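The values are calculated or read from the model by the stated rules, or taken from the named source; none is laboratory data. Note that the coordinates shown come from a computational prediction; the quantities given were computed from them, not determined experimentally. Every residue, glycine among them, receives a Cβ derived from its backbone with ideal geometry; neighbour counts consider all protein chains shown. Only protein heavy atoms, including side chains, enter the accessible area calculation; ligands, DNA and RNA are left aside. Shrake-Rupley method; radii C 1.70, N 1.55, O 1.52, S 1.80 Å.
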Amino acid sequence: MGVIARIKDDIASIYHRDPAAHGTLEILLNYPGMQAIWIHRVSHKLWLSRWRLLSRCLSTFSRWLTGVEIHPGARIGDRFFIDHGMGVVIGETAEIGNDCTLYHGVTLGGTTWQSGKRHPTLGNNVVIGAGAQVLGPITMHDGARVGSNSVVVKDVPKDTTVVGIPGRVVATPNDVTKEQTKRRSEMAKKYGFDAYAVSPDNPDPVANAIGQMLDHMHLMDSKVQEVCQAVQSMGGSVCTDKLPELEVDEFSDAEHAAAQKRKKAIDEFDPII
């Protein structure tokens, strides 16, 4: 991926994950997490080219400028997002996959003074909450999540949520919950509702209530379909008309306009700015 394409990719990922982002110029000037990542990419190349002192000086300048400390030896994937940024520390042997998100105050640190692999490895789509400490040469597998102010010192399985000190598992995916989440998402799209964060470990009563309503609507749709098929098999003529589409224009049009505005801003982005 070229430099300009990667920059656009980073900006697009911020639009996707931060609703407070309103324009490309605003992101360029006011997102220290993204600035720290761009500086790190330069310092990392210098580190790999054995320009160790220069790369460390550049990372120190980045810490002064952004409040984010990333060792030039750390390996970072695509579309990495540091929200707010202040106080984030990423150690030398840390490895971060694609589409990961870190909030302010997160530390990817070590637990030993010995050389070698000392820092965590993050898979793809990992989210670490504000103030969390992930310590040691552990692995956080794809889709893992860490609650705010947690301390994690053991491997975290795929799609698992951990919270507390020390971190403990509070949500482990299984076939039932995966199927339920998939079904709710499909129903939500059908009725114009985004079932964001509707999961078994979510304590939000409103989100849980909406999730149960989606389950109920799915069940009712299935039963009505079975009744229609039974009546039609006996020669009846029912359920032949297509159901009218639900009108959610007030919300969907606004969301569509916002998405188009963001896409236009990204497409018109000029790297000379």
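Table for the structure above
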| read-out | value |
| --- | --- |
| Using a Förster distance of 45 Å, the FRET efficiency for Glu226-Asp142 (Cβ separation, nearest 0.05) | 0.75 |
| The range 34-78 - accessible surface per residue (Å², probe 1.4 Å) | 56 |
| Three semi-axes of the equivalent ellipsoid, the range 1-147, Cα gyration tensor, whole Å, largest first | 22, 19, 14 |
| Percent carbon-and-sulfur accessible area, the range 1-57, ignoring ligands, DNA and RNA, probe 1.4 Å | 66 |
| Cross-link table Lys117/Lys158; Lys158/Lys223; Lys8/Lys45; Lys8/Lys261; Lys45/Lys117, entries beyond 25 Å C-alpha to C-alpha | Lys158/Lys223 |
| Solvent exposure ordering (accessible area, 1.4 Å, most first) of Thr107, Thr112 | Thr112, Thr107 |
| Net charge contributed by nearby residues that have their C-beta within less than 15 Å of Thr60 (K/R +1, D/E -1) | +1 |
| With DNA, RNA and ligands ignored, accessible area of Thr24 (1.4 Å probe; Å², nearest 10) | 10 |
| Inter-probe distance in nm under a simple model that places probes 7 Å from Cα toward Cβ, at Ser115 and Trp51 | 2.3 |
| Alpha-carbon centroids, the range 87-147 and the range 9-60: separation in whole Å | 17 |
